[in-house]
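The values are calculated or read from the model by the stated rules, or taken from the named source; none is laboratory data. This is a predicted model, so every value here is computed, not measured. Cβ placement follows ideal geometry from the backbone for every residue including glycine, while neighbour counts extend to all protein chains displayed.
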Amino acid sequence: MALGFSLLLLAACEDSGQEGNGQPAGPTVTVAKPTVREIIEWDEYTGRFRAIESVEIKARVSGYLDRVAFEDGAIIQQGAILFQIDPRPFEATLARARAEVKSAAAVLENAIAEAERGASLLSRQTISQEDADRRVRSRRQAEAALEAVKAIERAAELDLEFATIRAPVSGRLSDTRVTTGNLIQGGSASATLLTTLVSMDPIYFEFTGSEADYLKYVRLNASGDRPSSRDASNPVRLRLMDEKEFLHEGHMSFVDNSLDFSTGTMRGRATFDNPGGLFIPGIFGRLRLLGSGAYKAIMLPDDAILSDQTQKFVWVVDDGNVARYRPVVLGGLYDGLRIIREGLSGDERVIIRGIQFAFADAPVNVNEAAAPSPERQ
């Protein structure tokens, strides 16, 4: 009787290491293989819009302001009249210069005639060589005098033209800083600021990237995986602060030639079409820049990734349904999944739910699940 009881107790002890379904005793977890897909990564940066052309409108000549020819904040086309300075003093100066041109032309005409007569008389030896040379010199002086007054005439014409101040580029104006009747100082560094003008379409978006980003792009270009934005108009996408999606498409148009010594960053610039004028200089935006060539990426949900001090790791279940510690190196997010740079091949069974119950080299009960995807999360 005692022997039978002992055998029954021994059998119970042996059965305690297994569950009724024959699986090893342990917590139940859900495993799935990582998602493996061909992707192109996008790097994100914050920056501001800046006008391609920004002009401080100042006069080139001094005078009294006669007219302001625009509404504050208006969009204008290149060449449109903005301000009119009283033209009468410049018209008078131009009239005087034209009269001087006519006078100099008459003097030259007479000098030419005298020089021709002198040459004829010299051939008949009726005047001296000295007198003939004097007439030739007088003609040359008259020619130079005419050129001088013509230059004065051209300067007067320019001053009269500059009295009408026109838009040097197309864009949107600020408000006028000077009202009609005021004396305008022009033609110097201290010239009166009249208004400002910024171009609108297209428009720049400027941002800065880190030294690590710069080195990554250089190496991608060297390997042929992604061309440098210095040489190619790499695509970019942008969203504004009130938008959830990257709706606006543009292209890279400039990368600076050096890193900023104080910040260790490099300036980049993208160009966007702006036909509706939605973007204006100074607006913040979030930009995505092509960050890689196409490659097959291994991805997992962030919930499946744990931290061991500075080391990131996942639990991998082997063929014997035993949890194994696997360190990994992470990349960025792509469609809600975390890119795994190093540590996985893509064929492993990774614990994606119940990870809090897993321990190194401990058996687990396994529920299989499909590879994670953004649509299933």
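Per-residue answers, yes or no, for (1) of a type outside the set (Gly, Ala, Ser); (2) in contact with a helix residue (DSSP H, G or I) (Cβ under 6 Å, 6 or more places away or on another chain); (3) within 28 Å of Ser223 (Cβ to Cβ):
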residue	(1), (2), (3)
Asp273	yes, no, no
Leu278	yes, no, no
Ile283	yes, no, no
Leu306	yes, no, no
Val317	yes, no, no
Leu333	yes, no, yes
Arg338	yes, yes, yes
Ser345	no, no, yes
With the checklist (1) in contact (Cβ under 8 Å) with a residue 40 or more places away in the chain; (2) touching a helix residue (DSSP H, G or I) at 6+ places or on another chain (Cβ under 6 Å) in hand, flag the one item Ile127 doesn't pass. (1)
Are any residues in region 52-61 in a loop (DSSP other than H, G, I, E, B) and surrounded by 17 or more Cβ atoms within 10 Å (Cβ to Cβ), and if so, which ones? Ile52, Ala59, Val61
Pairs, first within 19 Å of Arg37 (Cβ to Cβ) in region 281-305, second among the hydroxyl-bearing types (Ser, Thr, Tyr) and surrounded by fewer than 18 Cβ atoms within 10 Å (Cβ to Cβ), C-beta under 8 Å, six or more apart: Ala297/Tyr334; Ile298/Ser345; Met299/Tyr334
Restricting region 159-189 to residues that are more than 15 Å from Asp66 (Cα to Cα) and without any contact (Cβ under 8 Å) to a residue 60 or more places away in the chain, the one surrounded by the most Cβ atoms within 10 Å (Cβ to Cβ) turns out to be Ser188
Mind listing whichever residues of region 64-88 are assigned to a strand (DSSP E or B) and basic (Lys, Arg)? Arg67
Any chance region 143-151 includes a residue that's modelled with pLDDT under 95 and either closer than 30 Å to Phe272 by Cβ or aromatic (Phe, Trp, Tyr) (or both)? no
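Which is modelled with pLDDT of 95 or more, in a strand (DSSP E or B) and among the charged types (D, E, K, R), of Arg286, Arg338, Arg326?
Numbers: Arg338 fails: modelled with pLDDT of 95 or more; Arg326 fails: modelled with pLDDT of 95 or more.
On inspection, the qualifying residue turns out to be Arg286.
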Among the residues of region 143-154, is any assigned to a helix (DSSP H, G or I), without any contact (Cβ under 8 Å) to a residue 24 or more places away in the chain, out of contact with any strand residue (DSSP E or B) (no Cβ under 7 Å at 6 or more places or on another chain) and among the β-branched types (Val, Ile, Thr)? no
With respect to Thr46, is the statement that it is among the polar types (S, T, N, Q), touching a Leu at 6+ places or on another chain (Cβ under 8 Å) and part of a strand (DSSP E or B) true? yes
